[in-house]
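Novice: Have a look at this one.
Every number here is computed from the coordinates shown, using simple stated rules; none is lab data. Predicted, not measured: the structure shown is a model, and the values here were computed from it. Note that we place each Cβ from the backbone using ideal geometry, even for glycine, and neighbour counts take in every protein chain shown.
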Amino acid sequence: MVNAIKGLFITCDIPMAQFIINFNASLPASQKFILQILDDTHLFVQPHAGEMIKSRMSEFREQNTYEKPT
């Protein structure tokens, strides 16, 4: 018998994968979205988490962007 789970396959670099894993770990158990950590650069997550991950990554990038002073 085969068990299938619908989800999103995420490919990213190691630092971004660690960011997503830490974000998942900071959530309560009922809101965790990672189904499987496949390796250092690949994650399998619940399908509803895609937009949440994108928005959190955008916030992270904005906070860590250097702007040259004028």
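Novice: Are there any trypsin sites (Lys or Arg not before Pro) in the range 4-70 that are in a DSSP loop and have at most 10 other Cβ atoms within 10 Å? List them by number.
Specialist: Passing both the DSSP loop test and the Cβ count: Lys6.
Novice: Counting only helical runs of four or more DSSP H residues, what would the 222 nm mean residue ellipticity of the chain come to if each run contributes -39,500 (n - 2.57) and the total is spread over all its residues?
Specialist: -12500 deg cm²/dmol
Novice: How much of the calculated P(r) for the chain lies past 18 Å, in percent of all Cα pairs?
Specialist: 43 percent
Novice: Quick one: angle between helix 50-63 and the longest Cα principal axis of the chain, in degrees between 0 and 90, rounded to 10, please.
Specialist: Value to nearest ten degrees: 20.
Novice: Could you tell me how far the Cα centroid of the range 1-24 sits from the Cα centroid of the range 25-55, in Å?
Specialist: Using only Cα atoms to place each centre, the spacing works out to 5 Å.
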